[in-house]
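Throughout, read-outs are computed from the coordinates displayed, never taken from laboratory work. Computed from a prediction, not measured in an experiment: that's the story for all the values here. FYI the Cβ positions are ideal-geometry reconstructions off the backbone, even for glycines, and counts take in every protein chain you see.
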Amino acid sequence: MRNGLRTAVLGAVLVLATACGSAGAPVDPAPAGDVAPPQPANVGGADNAGGGGTADTSCNPLASLRPTNGTSITSGSTMAKIKENGKLVAGVDQTTFLFGFRNPTSGQLEGFDIDMVNEIAKAIFGSAEGRVQFRAIPSKLREDVLEKKQVDIVVRTYSITCSRLKKVAFSTAYYQAGQRILVESGSKVTQLSDLGGRRVCATKTSTSLTKIAADPSKPVPVSVDNWSDCLVMLQQKQVEAVSTDDVILAGMLAQDPTLKIVGDRFSEENYGIGVPKGNEDMVRYVNAVLENVRGGAWQTSYAKWIGNKLEGGTPPSPQYK
């Protein structure tokens, strides 16, 4: 009995030793060269176009409400309620370099749009310090947060269109941009028509995505939540180009000089400050702040963020109803 047990144990050890000594050649089921880089979350297509409503010409989108009382705050007004709450709640971007981005060193939000928010807060409270609650939102939620009154304003490279004016209110235009194309430095693309059948990236519900989807050359629209996602997809060769406003592309180029901006502007994008529809007193107040900003703070912010990257440097003249 004891000899039989010893034989069985020795046999088992021999089997294990044999197995360990002859594992065979390693198998790589997915060679590294064949693995596609991961895509950003929520990548879509042309089904996310149309939100900007650039084809709607039923109004003069740039005509806003004229300021009436300057930046004085009257009792019971929207601004008085904001002041009582102690915070201006602003929907902004945190991924668009130069306009609305998070400084990786300080962790603070910075950029041209952030400066505009701070100017409004300064007018209401006397100082912007500690008086702004920034809410980072993707472009597709700009109307949503305003309609639900989850924010007081949206300042997020927000083009004024007749379609959007049916849902929200806008200030006068505070910045004018234009759509162009960003490609790799070796690309021969010079205009949108050169991108027929090729993948071109823009954010969801943006006017940029709408123009890509409507172009007769039929580029393939790729839609994402944030512009930084487009930059990553271009760097990883998942798209052939990014097409949006020149100032947004300038921010991408500043981050990656191996790219280039090509072609002339093929749109006019007038950025306005979004306000919940019905808050007409807030629209008038913001327009009064912008009147003051055009007198000096605008130029200071432009010189800091944009001046050495794009030609221009003049605030658009306000238009009133």
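Under a plain spin-label model, where a point goes 7 Å from the Cα along Cα-to-Cβ, how far apart in nm are residue 127 and residue 184?
Simple spin-label model gives 5.1 nm for this pair.
Using the Karplus equation 6.51 cos²θ - 1.76 cosθ + 1.60 (θ = phi - 60°), what ³J(HN,Hα) coupling, rounded to whole Hz, does each residue of the stretch 170-177 give in order, writing x for Gly and Pro?
With the stated coefficients, the stretch 170-177 comes to 9, 6, 5, 5, 10, 7, 10, 10 Hz.
Tell me the relative contact order for the stretch 165-321 as a rounded percent, counting alpha carbon contacts under 8 Å between residues six or more apart.
36 percent
Can you tell me the dipole magnitude for the stretch 183-279 around its Cα centre, using point charges on the Cβ only (Lys, Arg +1; Asp, Glu -1), in Debye to the nearest 20?
260 debye
Nearest 20 debye, what's the magnitude of the dipole of the stretch 140-224 about its Cα centre given +1 on Lys and Arg Cβ and -1 on Asp and Glu Cβ?
160 debye
Residue-wise, which Karplus ³J(HN,Hα) couplings in Hz belong to the stretch 154-168, taking 6.51 cos²θ - 1.76 cosθ + 1.60, θ = phi - 60°, and x for glycine or proline?
With coefficients 6.51, -1.76 and 1.60, one gets 10, 10, 8, 5, 9, 5, 7, 9, 4, 4, 5, 5, 6, 10, 9 Hz.
Please turn the phi angles of the stretch 136-141 into ³J(HN,Hα) values with the Karplus equation 6.51 cos²θ - 1.76 cosθ + 1.60 (θ = phi - 60°), one per residue in order, whole Hz, x for glycine and proline.
Using θ = phi - 60°, the values come out as 6, 9, x, 4, 5, 9 Hz.
Can you tell me the length gained on complete extension of the stretch residue 83 to residue 71, counting 0.36 nm per residue apart and subtracting the Cα distance?
Result: 3.0 nm gained on full extension.
Quote the relative contact order of the chain in percent (integer), defining contacts as alpha-carbon pairs under 8 Å separated by 6+ residues.
The value is 26 percent.
Skipping prolines and chain starts, which residues have an amide H placed within reach, meaning under 5 Å, of the one on residue 178, given they are 5 or more residues away or on another chain?
246, 247, 269
Would you compute, for the Cα atoms of the stretch 264-303, the largest minus smallest coordinate along each principal axis and list the three values in descending order, in whole Å?
38, 27, 11
Using amide H atoms built 1.01 Å from N in the peptide plane, name the residues 5+ places from residue 133, or on other chains, whose amide H lies under 5 Å from its own.
Close amide H contacts, sequence-distant or interchain: 88, 89, 90.
Using Cα pairs under 8 angstrom and six or more residues apart, how large is the relative contact order of the stretch 228-297, in percent?
Once divided by the residue count of the stretch 228-297, the mean separation gives 16 percent.
Using a Cα-Cα cut-off of under 28 Å, which lysines could be cross-linked to residue 218, ignoring same-chain neighbours fewer than 8 residues away?
Partners within reach: 140, 188, 204, 237, 260.
Measure of size requested: the Rg and Dmax of the stretch 206-273, with Cα atoms as the atom set and Å as the unit; please supply both.
12.0, 34
From the cross-link list 166/211; 167/321; 277/309, which pairs have alpha carbons spaced over 30 Å apart?
277/309
Name the helices (complete DSSP H segments) of the chain with a Cα length along the long axis of 24 Å or more and a Kyte-Doolittle mean of at least 0.0, or state none.
2-21
Kindly provide log₁₀ I(q)/I(0) values, in the same order as q = 0.12, 0.22, 0.23 Å⁻¹, from the Debye equation applied to equal alpha-carbon scatterers of the stretch 190-321.
These q points yield log10 I(q)/I(0) values of -0.59, -1.29, -1.35.
Could you size up the charge dipole of the chain around its Cα centre, putting +1 on the beta carbon of Lys and Arg and -1 on that of Asp and Glu, and report it in debye to the nearest 20?
In debye, rounded to 20, the chain gives about 660.
When the Kirkwood radius is taken over all Cα pairs of the chain, what Stokes-Einstein diffusion coefficient follows at 20 °C and 1.002 mPa s, in µm²/s?
Value of D from the Cα-based Kirkwood radius: 98 µm²/s.
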